[in-house]
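Some notes on the structure that comes next.
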Amino acid sequence: MSEAGGANGAAGTGPENAAWVDAEIPVAPQALAAFLSDPVALYRLNPSLEIEILEVSSADARRFRLRALNESNGMRYDVTVERSPLEDGALGWRYAYDCGFKRATEFRIEPGRAGSILRVKEYYERYADPGDAPAQEFDRSLVPWIAALRRHLVRWKRFGRVPFYAWWVQRMWLHMTPRQRRIARLIWWIGVLEFVVFLFVFAIYWAEMERT
């Protein structure tokens with residue numbers, strides 16, 4: 001499987017049936033690991049995942065049920081997901097799926113110059129004959145997902161202390177579907193454009209008033 005582009009990083013494949021993307025995240029490694037341990041924020045930030053059920057079944061959020069439509073490949077998922085530390089002791093998490101072609105998503109964190117280097121790697125079922133793999137089931141949302149995670153963390157770092165920003169993100173934004181978020185962005189940009197046009201018209205009017 002191959003991926004193109006990256007979230008301020010690069011993506012690639014290897015001999016194993018996996019795909020990955022690297023991204024620079026301007027957040028300290030421990031803080032990033034804490035954020036990635038929350039499946040609600042983590043999976044709801046995927047811009048291609050229309051979540052129907054995200055039901056955490058353990059107090060420490062290590063196990064949860066996920067039922068969703070992946071708009072990137074048209075696949076519907078209904079899986080139980082289990083979070084565990086990385087087996088080699090590195091900083092990060094592994095989210096393993098109890099069924100389906102995709103077996104796990106791994107988040108590996110290393111210190112970076114401006115915060116952290118995050119590698120997100122997705123593992124798929126291996127087939128003796130690669131031609132037998134169901135190509136339509138490969139998740140094409142990996143790169144936009146990590147890009148969305150990075151944007152969210154950058155904005156949170158910048159605006160997290162602004163009044164009502166945290167409430168808006170946690171209570172509203174994260175619970176919207178991808179389509180609802182696109183509509184919200186469109187409405188916001190239309191509002192900004194209308195305000196700019198108003199200022200432009202007002203400036204012309206004021207200039208004409210000054211002349212008379």
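Structure values in brief
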{"item": "Residues of region 57-78 satisfying the condition of being in a strand (DSSP E or B) and either of a type in the set (Asp, Glu) or surrounded by fewer than 16 Cβ atoms within 10 Å (Cβ to Cβ) (or both)", "result": "ARG65, ARG67, ARG76, ASP78"}
{"item": "Sole residue being within 25 Å of LEU49 (Cα to Cα), out of contact with any His (no Cβ under 6 Å at 6 or more places or on another chain) and either modelled with pLDDT under 80 or assigned by TED's automatic domain parsing to the domain that holds ASP22 (or both), chosen from ALA135, ALA114", "result": "ALA135"}
{"item": "Residue that is farthest from LEU45 (Cα to Cα) [pool: residues in region 4-30 that are at pLDDT 90 or above, of a type in the set (A, V, I, L, M, F, W, C) and in contact with a helix residue (DSSP H, G or I) (Cβ under 9 Å, 6 or more places away or on another chain)]", "result": "ALA19"}
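The values are calculated or read from the model by the stated rules, or taken from the named source; none is laboratory data. Since this is a predicted model, take the numbers as computed values, not measurements. For neighbour counting, all protein chains shown are included, and Cβ atoms are generated from backbone atoms with ideal geometry for every residue, glycine included.
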